[in-house]
Structure formats: C-alpha cells, structure tokens
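This report concerns only the one structure given below.
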Amino acid sequence: MLKAVTDLIYNVLGNWWAFSALLVLSGVLFGYVVPRAQRPIFAHAPPDLPRKVLDVHMMTWTPAQARRLLEEIGPEGRRAYQAFYLQVDFWFPTLVTSLLYCSLLALAFPQGSRFAWLAPWGMLGWVFDEAENITHFRMVRSYPKLSGLSLRWGPVFTYCKWLLAIVTPVIGVVGFVGRLL
C-alpha cells in the first residue's frame, strides 16, 4: 500500500511544475481565501479579541482560550465559524499544503533512494488537521457545552499539525542539502 501511494506521489507530484502550482495555490488559499472566509467569524466580536481561530494558535490552544473565543464571537460568529469549516477548512487549505509537502519530499528524495518512503509523510499534517477540524467543529456546534474529548484532543491535534508543518520542510531541505554534499 505504501509503495502504491509513494509511486502515485512521485508520478503526479514529484516534479517542479506540480510543486510550483501547489506553492502558488497554497499562497492564494492562506493569503487570500482563508483570511476572507474567517472575517465573518469576528464581525460582531469585541475589538480587543484576537482575530485568531483555534487552528492558527501556534503551537496549540487551551480550553480557556477556546471557551473565551466561542463566547466572545457570539451566535453569529459561531454560525460563521461552522460555515468556515464546512465551506473551506475541511476541504482545501491543509490538503493543498500537504500535497505541496509530498511534492517537496518527492523532489528532495528521488524515487528509488533509500528515503523515498518519506514522500507520503507530507499527508500526516492533513490527517491531524482534519482531526483538529472535527474537534473544533464539534465545539462550535455544541457550544456552550464543550466536550471534554474535544478539549483534551483538539490541542493535541493542533500541536501535531503545526509540528509537522515545521518539521516537514526542514526534512525536505535536509534532503536537498544531502544531495549536494
């Protein structure tokens, strides 16, 4: 199974054209689409509330931060937060970035090299992001009753997502440097 996934990544994403297209698409999603989609969440929030959804807390968030955010954005903000997940965050941003990371790793570690098995590693960030999205969506939907499960595991998923978002490009750079030496 891993070989089939790895072969697919190398055949579809393991070239500079795919990497460049995914890089541009990630830039558009995170630089334009996501910020615009998040604006309605904070439309009625107090001005001193940080304009950050739980997903972007680096490296993670606390249950107190989640409660404060969900309280302060109000019912309209919570509806907008649900819409944000259903229309944008479940589908595009991190999936595209994860494919970008797979492409980067495929370029850094050519097919047939002993580290070619790392190419699918880029998809782990997407897996953790989806788990994170589910916990956040459940909290937004069930507010004011917040599941202990979501409050316990949501920050863990956020942490893992950000850790992979930082570590994966570093692994790619190490692969390129290793090929130059």
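None of the figures in this text is laboratory data; all of them are computed from the coordinates on show. Predicted, not measured: the structure shown is a model, and the values here were computed from it. All Cβ positions, glycine included, derive from the backbone under ideal geometry; neighbour counts span all protein chains shown.
Out of Ser113, Ser103, Cys160, whose Cα points farthest toward the positive end of the dipole of the range 103-165 (charges: +1 Lys, Arg; -1 Asp, Glu; placed on Cβ)? Highest projection toward the positive end goes to Cys160.
In the range 1-89, which trypsin sites (Lys or Arg not before Pro) are in a loop and have at most 13 other Cβ atoms within 10 Å, using DSSP for the loop call? It would help to have the intermediate numbers written out before the result.
Numbers: sites: Lys3, Arg36, Arg51, Lys52, Arg67, Arg68, Arg78, Arg79; in loops: Arg51, Lys52.
Filter output for the range 1-89: Arg51.
Dividing the mean sequence gap of close Cα pairs (under 8 Å, 6+ apart) by how many residues the range 52-137 holds gives a relative contact order of 30 percent. When His57, His44, His136 are sorted by how many other C-beta atoms sit within 10 angstrom of their C-beta, beginning with the fewest, the order is His44, His57, His136.
Fewest first, what order do Trp17, Trp126 take by the number of other Cβ atoms within 10 Å? Walk me through the numbers before you get to the answer.
Numbers: Trp17 9, Trp126 20.
In increasing order of surrounding Cβ atoms, one gets Trp17, Trp126.
Protection proxy ranking for 23-33, 100-110, using the average of other Cβ atoms within 10 Å per residue and placing the highest first: 100-110, 23-33.
The shape of the range 27-78 comes out oblate: with a ≥ b ≥ c from the C-alpha gyration tensor, a/c is at least 1.5 while a/b does not beat b/c.
Beyond 29 Å, how much of the Cα-Cα pair distribution for the chain remains, as a whole percent? Don't skip to the end; give the middle numbers.
Numbers: 4667 of 16290 pairs.
Tail fraction, whole percent: 29.
Below 8 Å, C-alpha to C-alpha, sequence gap of six or more: please give me the relative contact order for the chain in percent. About 28 percent, as a whole number. Neighbour counts of C-beta atoms inside 10 Å place Asp48, Asp129, Asp55 in the sequence Asp48, Asp55, Asp129, starting with the fewest. With an a/c value of 1.5 or above and a/b larger than b/c for the gyration tensor axes a ≥ b ≥ c computed over the alpha-carbon atoms, the range 31-114 is described as prolate.
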